Amino acid sequence: MQRLSALLPHEVTVSVARSEDGGFVAHVLSFPGVRTQGETLSELIAMINDAILTYFEVPKKYQGFLPTYLPPTALAAMLIGLPTGRNEKEVTLLAVGEEASG
């Protein structure tokens, strides 16, 4: 578990935009080629986390023990109000729920 946790960064940079159908799309800028989408912001955050864990090939049985990446509350509120179209917003997601080292 410690080895897997050490692989994951403390924060990731993500470019988020509204899709034409009203959902969200994200490019995880911290990891080349990692893109995902979700109908709601909550679903998008879950999909981003899944994409990151897939990128690092973390086995499903360990995923519940690793940090979850979340935007700060103020950024999440701003993303919900993001208009559709080509308006992209770069945000930093922070790792939450990391095990204490020691």
ask   = Which of the residues spanning the range 52-67 are more than 14 Å from residue 13 (Cα to Cα) and open to solvent by less than 70 Å² (accessible area, probe 1.4 Å)?
value = 53, 56, 58, 59, 63, 66, 67
inquiry  = Looking at residue 88 and the list (1) modelled with pLDDT under 90; (2) of a type in the set (Asp, Glu); (3) open to solvent by less than 70 Å² (accessible area, probe 1.4 Å), which single condition is not satisfied?
reply    = (3)
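Yes/no matrix, rows are residues, columns are (1) in contact with a strand residue (DSSP E or B) (Cβ under 9 Å, 6 or more places away or on another chain); (2) open to solvent by less than 20 Å² (accessible area, probe 1.4 Å); (3) not β-branched (Val, Ile, Thr):
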position: 9; (1), (2), (3): yes, no, yes
position: 13; (1), (2), (3): yes, no, no
position: 36; (1), (2), (3): yes, no, no
position: 42; (1), (2), (3): no, no, yes
position: 50; (1), (2), (3): yes, no, yes
message = Looking at residue 78 and the list (1) out of contact with any Lys or Arg (no Cβ under 8 Å at 6 or more places or on another chain); (2) modelled with pLDDT under 90; (3) not in a strand (DSSP E or B), which single condition is not satisfied?
response = (1)
Condition met for residue 31 (touching a Leu at 6+ places or on another chain (Cβ under 9 Å) and either more than 19 Å from residue 77 (Cα to Cα) or at pLDDT 95 or above (or both)) = no
request  = Can you confirm whether the range 41-57 contains a residue that is under 22 Å from residue 3 (Cα atoms), part of a loop (DSSP other than H, G, I, E, B) and not polar (S, T, N, Q)?
outcome  = yes
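The values are calculated or read from the model by the stated rules, or taken from the named source; none is laboratory data. Since the structure is predicted, the reported quantities are computational estimates derived from the model, not experimental observations. Positions of Cβ are generated from backbone atoms using ideal geometry, with glycine treated the same way; all protein chains shown enter the neighbour counts. Just the protein is used for accessible areas: all its heavy atoms, side chains included, with ligands, DNA and RNA removed. Shrake-Rupley method; radii C 1.70, N 1.55, O 1.52, S 1.80 Å.
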